[in-house]
Structure formats: structure tokens, C-alpha cells
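S.K.: The structure follows.
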Amino acid sequence: MTTAILTIDTGAIARNWQSLDARTEVETGAVVKANGYGLGAPVVARVLARAGCRSFFVATAEEGATLRAALGHGPVIYVFSGHMDGDTGAIREGRLTPLLNSVDQMLRHVEALPGSPFGLQLNTGMNRLGMQASEWSALRDIAVAQRPALIMSHLACSDDPDHEMNARQLRQFQEMTDGIDAARSLAATGGLLLGEEYHFDLCRPGVGIYGGLPFEGAEAVVTLDAPVIQVRDVAQGAPVGYGNGWTAPHASRIATVSAGYADGLIRAMGSGGAQVYAGDVALPVVGRVSMDLITVDVTALGEDPAHLQLLGPHQSVDDLADAAGTIGYEILTALGHRYARRYTE
Ligand SMILES: *Cc1c(COP(=O)(O)O)cnc(C)c1O
């Protein structure tokens, strides 16, 4: 079989969520946008619901509709993009809770679905989503009278605990929401780890659940094993791969592995010193990453490997991300759809 196998440890997903939950005195939700950070939102969300999670967050109403079908009635499903033109049907049928980002969205929502639940997203300085302070002060009393399910904002720099932006956004959020009788949320994974004052009524971690930084204590969730298609000897001075991207410094044995950038192996990792593993032995990726293939120097092994491990106990998504000059989030969400997925407990 030439398909690489992505193994997703659902037990580790549940334990990561529980251990984040244990760090707060408030409710812990879960962000499952982008198909559960690439790992499969329906499976991830059902695992988390079983672990006790009652509030889920997605990016779009379409994602919310898929999630509702997977979760059934109980849990609350919040939508970060709010109520966009064309979303009304999905919001009504999925019983989704849009996080309204502007006066326009607020008007659209109360007009299209009067009395149906909503939350509010405020801009506290990230300048990406949410109502401006000026907009909010005009709308605040009217919006609060409609009993929002949640008032939230998002931190721009919470992966860096020492960044002054954290305290600045915290103050801004307090100024905009103190005294309001509604549940509040400010923290994603990074904010949850910053401490109690960032927790408010609900934390909404994403990446930490999936085993990524900034949650240092996370358990690894994904393992990626790819089959070796061919192994060959190359002479000293012989090139390997597109553009003669690598030249053998001495006689070498090269394995060609069935996984490439079309499977989410970021092309930049070819020049970033990425490694793969045969058991405990680290082996360098050499030459450029192709669409469907990578080449690995396996000279150090006594015998030819049948498959090699790209992600697992020896190499986290963040390690691989470092080699590719990116972040664990991008590695996770890029993991291709060509892999055979196996879910284990
Ligand atoms: C993606 C996202 C989260 C989750 O962030 P993580 O860093 O993955 O924990 C939380 N809130 C908002 C608004 C987001 O966009």
C-alpha cells in the first residue's frame, strides 16, 4: 500500500482537553474549526462531548452545520464569523449561535431570526474580528437587552506570556464588558495558560487539544507513517531530486518515501533540516520535497526500512513546523486528505 497512515489518538485528544479544563475554575469549550485543525471535526467533537465539553466553536456557519449533524442536539455551537449574508438557513437549521461582529451583523440577525441565540465579538486590539469600542458603546445597551449568550474577544499575542499586548487587551476587554450581565470569554489555549484573570466564564482552546504549542504539557495526538517505495545507492557527488537540490557528500543509500507537499508536507521543510524516524533513529530528509514524494538519507541504518515516521513520539507537529519555518497549526491543518486515517483510543 502506498498510502501514508495518519493515526489520531482520540484518547490523547480527550486527555489534553481534560488537562486544560483542570487548569481553570470555569467552563472549557473547544475550537474545532478547519475540520478540527485537520484531524476531523465530527470525530474530535464527539470525543470531546463524551469527555464533558458542552460548547464548541467553528469558523463558519457551514462548519457549524456539519458539526451539528455530528453532535446532535445538546451542545452549543458558536460561529466566529458571525451571521453573514446567506447564513440564515444554516444558522436556523443548525441551531448555531453566531458571534456577531458588527452592527450590520446584529441587524441582520435580529431581523432574520428574531429571538434566536447569538453572542457578540469585540475588538480589543487585534483588529481582525469584532465590534470597535465606538460601535460597541452605541450598541451595547440594545445588544445586552437581547441577552447575548456570550461576549468574547481574542488575544493577539497570548503565545508569548511576556508580551505587553496581553495585559493591554485584558484591560480593554474589562473596560468594554465589566458590569454586563452576560457570560464572557477571552482566552484561547495561550490565554488559558496565562492565568486566572484571563479565564472569565469560558475558555476556548484549540491547538492545545490537538497536542500543539503553546501547551507545553500536551500529549502527542498524531502519528504519521509513510511507506518507502524504493531504496537505492547513490555515489559520492550524485544529485538527488528536483533542481539537483542535494548532492551526496559520500556514497549514500537513499529511500524514496510516499508523501509530499500535496499531502501537507510543507515544501520548505526540504531545505530546513527536517528529519524522519526509523524507530529511534533520526534520518535527514535530503533534496527537495516533491508533490508526492520525499527522499531520505538512510545510510545510517543497517537494513532498508519499509516505512518511516514523520510525526510521532520523536517528532511533534511543532518540531516539523520548525524545520519548515512555520507553526504547528499550519502543519496540522495542512495534513493531506490522501492519508488513510486511523483513529485509536
Ligand atoms: C482559532 C481561535 C481560537 C483557538 O485558538 P488556539 O490558539 O488554537 O487555542 C480561539 N478563539 C478564536 C477567536 C480563534 O480564532
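The values are calculated or read from the model by the stated rules, or taken from the named source; none is laboratory data. Here the structure is a predicted model, which is why all the values come from computation and not from measurement. FYI the Cβ positions are ideal-geometry reconstructions off the backbone, even for glycines, and counts take in every protein chain you see. Side chains are part of the model used for accessible areas, which takes the heavy atoms of the whole protein and leaves out ligands, DNA and RNA. Shrake-Rupley method; radii C 1.70, N 1.55, O 1.52, S 1.80 Å.
S.K.: Out of Val103, Val79, report the one residue that is in contact (Cβ under 8 Å) with a residue 24 or more places away in the chain and within 25 Å of Val144 (Cβ to Cβ).
M.R.: Every option except Val103 fails the conditions.
S.K.: If you go through segment 258-270 one residue at a time, do you hit one that is assigned by TED's automatic domain parsing to the domain that holds Val228, in contact (Cβ under 8 Å) with a residue 40 or more places away in the chain, of a type in the set (Phe, Trp, Tyr) and farther than 13 Å from Asp225 by Cα?
M.R.: Within segment 258-270, none of the residues are assigned by TED's automatic domain parsing to the domain that holds Val228, in contact (Cβ under 8 Å) with a residue 40 or more places away in the chain, of a type in the set (Phe, Trp, Tyr) and farther than 13 Å from Asp225 by Cα.
S.K.: Within segment 216-226, work out how many residues are in a strand (DSSP E or B) and open to solvent by less than 20 Å² (accessible area, probe 1.4 Å).
M.R.: Summing the residues that are in a strand (DSSP E or B) and open to solvent by less than 20 Å² (accessible area, probe 1.4 Å) in segment 216-226 gives 3.
S.K.: Suppose we keep only residues that are outside any helix (DSSP H, G or I) and over 17 Å from Ala182 (Cα atoms) within segment 104-122. Which one would you say is most open to solvent (accessible area, probe 1.4 Å)?
M.R.: For segment 104-122, the residue satisfying everything is Pro114.
S.K.: Mind checking which residues of segment 191-221 are touching a residue at least 60 places away in the same chain (Cβ under 8 Å), out of contact with any Ser or Thr (no Cβ under 7 Å at 6 or more places or on another chain) and away from the ligand (no atom under 14 Å from the Cβ)?
M.R.: Those that are touching a residue at least 60 places away in the same chain (Cβ under 8 Å), out of contact with any Ser or Thr (no Cβ under 7 Å at 6 or more places or on another chain) and away from the ligand (no atom under 14 Å from the Cβ): Glu196, Glu219.
S.K.: May I pose another question? Grab the strands (runs of 3 or more DSSP E) fully contained in segment 256-345, keeping just those with 3 or more residues being crowded, with 23+ Cβ neighbours inside 10 Å.
M.R.: Those strands (runs of 3 or more DSSP E) span 294-297, 307-311.
S.K.: To continue, here is another question. Need pairs with beta-carbon distance below 6 Å; first residue in the same structural domain as Gly29 (by TED's automatic domain parsing) and open to solvent by 50 Å² or more (accessible area, probe 1.4 Å) and within segment 152-180, second at pLDDT 95 or above and outside any loop (DSSP other than H, G, I, E, B); sequence gap 6+ or separate chains.
M.R.: Matching pairs, first to second residue: Asp159/Gly190; Pro161/Leu194.
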